[in-house]
Amino acid sequence: MTEAAISSHDGAPRAADSGRAVLVGQIAVGVGLLGAWELAGRAFGHDWTSLPSLIAVRLAAWALGDLAGHVLVTVTEVAVGLALGGSAGVVAGLALGRLPVIATVLRPIIVALYSVPLITMAPLLILWFGLDLEPKIVLVTVVVFFLVFFNTFAGVGTIDRDLIASFQLLGCTRREEFLKIVAPASLAWIMAGVKIALPYALAAATTGELLASRRGLGALLAHAAQQFDMTGVYAALVVLMAIGILVSEAAAWIERRMLRWRHAAG
Amino acid sequence: MPPGDGATPKIDFRRAAKTFAVRGQHVAALAPIDLAVRTEEFVALVGPSGCGKSTALNLIAGLLRPSEGQVLYDGAPVDGLNRRVGYMTQKDTLLPWRTAAANIGVALELACRATSRREVAERVAQMIDLVGLRGFEHHYPGELSGGMRKRVALARTLIYEPECLLMDEPFGALDAQLKLLMQDQLQQLTRQRRMTVVFVTHDLGEAIALADRVLVFSARPGRIRAVRDVALPRPRDVFKMRFTDAFGRLHEALWNELKDEVAKGVDV
């Protein structure tokens with residue numbers, strides 16, 4: 001009977017049905033895991049693992065309190081760092097991509113700088129810039145800069161020589177070559193660089209806050225951990241997870257809109 | 001008969017040859033050739049794959065320099081990119097982020113032939129009709145078939161009316177009917193606008209239908225094996241001329257030259 005029911009559908013509704021079935025399955029797994037956590041915690045004690053119900057209560061309490069302020073601090077650090085580091089990375093990547101001789105000269109310096117695990121610069125930056133937003137913004141900027149720079153630089157390098165040659169034959173100047181070919185061709189790579197950089201930006205901001213800060217989600221997390229407040233630690237992690245998902249979904253949305261030609265075929 | 005006899009040839013190969021270094025080995029792509037193309041002449045190059053036909057076009061366009069000899073354009077050696085030619089390469093060099101219409105109009109956007117937006121739109125619309133892409137103006141290259149992309153590339157090359165057209169198998173990807181239509185359009189357009197054309201093709205019938213002169217290239221290294229003038233009157237009916245005796249005799253004679261080379265050119 002079920003077989004007949006399935007085969008009577010044509011392709012599209014069946015695809016929609018299976019999409020809904022997958023979603024139901026995903027929700028079921030999520031609810032199941034949370035339920036298992038809750039039950040296991042209640043049965044065996046929850047000093048170290050907290051409970052989903054306690055976390056939910058804590059989140060509600062924070063939401064009434066100062067959670068928005070902490071979120072604002074972290075998001076500001078990420079956003080400002082992204083804007084500064086992203087634009088610097090694009091400019092440097094495009095410029096060095098167009099000037100291969102200078103790129104070759106600078107290569108060892110760039111590789112050396114990038115070889116330092118960037119997060120380990122946090123103590124240095126805190127000594128330089130203090131405990132407020134500045135050191136985290138600088139850290140995010142540096143991390144984003146390198147990732148966007150490398151992607152942009154690679155993107156300029158992949159542009160087809162024949163494509164450039166055919167436009168030079170059409171009579172385009174070097175400026176037109178840049179505006180009409182190099183910049184738009186690099187856009188896909190720049191967007192990819194920004195997408196890669198986003199989780200690193202969030203990580204850089206919160207790591208900076210963990211090390212030394214009074215404000216921000218990293219500070220909230222560190223404060224809870226120092227008091228062995230497991231529920232507080234998990235609650236902060238849940239907020240960070242939510243921000244991470246929102247940020248990467250937003251980036252994917254922007255990419256789809258800006259690179260419509262890439263998705264047009266599919 | 002095409003004019004220009006006695007005057008300086010538009011394009012002049014003088015013992016021009018091209019050798020490439022591939023992994024330390026020298027590969028002769030084009031043996032020294034002599035070839036003079038008159039102004040407004042339509043010359044077709046046929047020959048097996050890898051016989052240096054594309055190399056010859058690249059030499060005219062200035063994308064390559066001859067290893068020996070000289071290539072003259074309007075009597076002067078080609079030095080650097082030759083911007084007086086319009087070159088439709090085998091690989092389509094469309095911009096994937098521009099729609100078909102925006103790709104076709106790109107040449108007119110450049111400062112060197114600044115054109116008002118209204119005129120660009122008008123001329124793009126004309127070209128879209130000419131190559132039969134109405135309804136696909138706003139499609140991206142990724143959404144078009146191989147044949148449609150070729151037509152966009154053709155329209156992009158024709159729209160700025162270069163005095164000399166270099167075409168590397170422009171209609172190879174088209175189906176038979178469309179190919180005939182495009183040949184007809186190309187014939188009309190290049191005669192009307194008095195263009196000099198060097199046309200590379202695998203298709204002997206296409207070469208005879210379009211050209212004033214057909215050159216058969218030998219397998220690598222390419223040299224000119226045979227030359228035939230196509231003394232058929234213009235305008236030609238590309239649809240019907242295939243069934244005429246004159247066409248048949250030319251085809252037979254050229255095929256006899258070509259078939260040995262095709263056999264040699266096949267890598268076994």
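Coordinate-derived values only; no laboratory data. Since we're looking at a predicted model, the values are computed, not measured. FYI the Cβ positions are ideal-geometry reconstructions off the backbone, even for glycines, and counts take in every protein chain you see.
Numbers below:
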| item | result |
| --- | --- |
| Span from the the range B:109-180 Cα centroid across to the the range B:207-241 one, whole angstrom | 25 Å |
| Loop-located trypsin sites (Lys or Arg not before Pro) in the range A:179-235, at most 16 other Cβ atoms within 10 Å (DSSP) | A:ARG214 |
| Around B:CYS51: net Lys/Arg minus Asp/Glu count, Cβ-Cβ under 10 Å | +4 |
| Square roots of 5 times each gyration tensor eigenvalue, C-alpha, chain B, largest first, Å | 29, 23, 19 |
| Share of alpha-carbon pairs per 10 Å distance bin for the range B:49-184, given as whole % | 12, 38, 33, 15, 2 |
| The range B:20-87: trypsin sites (Lys or Arg not before Pro) in DSSP loop, at most 13 other beta carbons within 10 Å | B:ARG23 |
| Principal semi-axes in Å for the range A:52-264 [√(5λ), Cα gyration tensor, largest first] | 40, 20, 11 |
| For residues of A:158-165, the mean tally of beta carbons on other chains within 10 Å | 3 |
| Reachable lysines from B:LYS150, criterion Cα separation under 16 angstrom, eight or more residues apart if same chain | B:LYS91, B:LYS179 |
| Mean ellipticity per residue at 222 nm, deg cm²/dmol - from DSSP H runs of n ≥ 4 across the protein assembly as shown, formula -39500 (n - 2.57) | -19500 deg cm²/dmol |
| Cα coordinate range in the range B:1-111, projected on the principal axes (Å, largest first) | 44, 42, 28 |
| From phi via Karplus (6.51, -1.76, 1.60), per-residue ³J(HN,Hα) for the range A:113-122 in Hz, x at Gly/Pro | 4, 6, 6, 5, x, 4, 4, 6, 7, 3 |
| Residue order, fewest to most surrounding Cβ atoms within 10 angstrom, among A:TRP253, B:TRP255, A:TRP189 | A:TRP253, B:TRP255, A:TRP189 |
| Acute angle (nearest 10 degrees) that the helix A:11-44 long axis makes with the longest principal axis of chain A, alpha-carbon atoms | 50 degrees |
| Dipole moment magnitude, nearest 20 debye, the protein assembly as shown about Cα centre, only Lys, Arg, Asp, Glu C-beta charged | 940 debye |
| Hull volume in cubic angstrom per residue (convex hull over the Cα atoms of the range A:141-262) | 109 Å³ |
| Options A:VAL194, A:ALA60, A:ALA236, ranked by Cα towards positive dipole end of the range A:52-264, top entry (Cβ charges) | A:VAL194 |
| From phi via Karplus (6.51, -1.76, 1.60), per-residue ³J(HN,Hα) for the range A:87-99 in Hz, x at Gly/Pro | 5, 4, x, 5, 4, 5, x, 5, 5, 5, x, 8, 10 |
| Qualifying trypsin sites (Lys or Arg not before Pro) in the range B:159-207, DSSP loop, other Cβ atoms within 10 Å at most 14 | B:ARG193, B:ARG194 |
| A:TRP128-A:TYR200 FRET efficiency (beta carbon distance; Förster radius 22 Å; 0.05 resolution) | 0.60 |
| Kirkwood-Stokes translational diffusion coefficient of the protein assembly as shown, alpha-carbon pairs, 4 °C, 1.567 mPa s, µm²/s | 45 µm²/s |
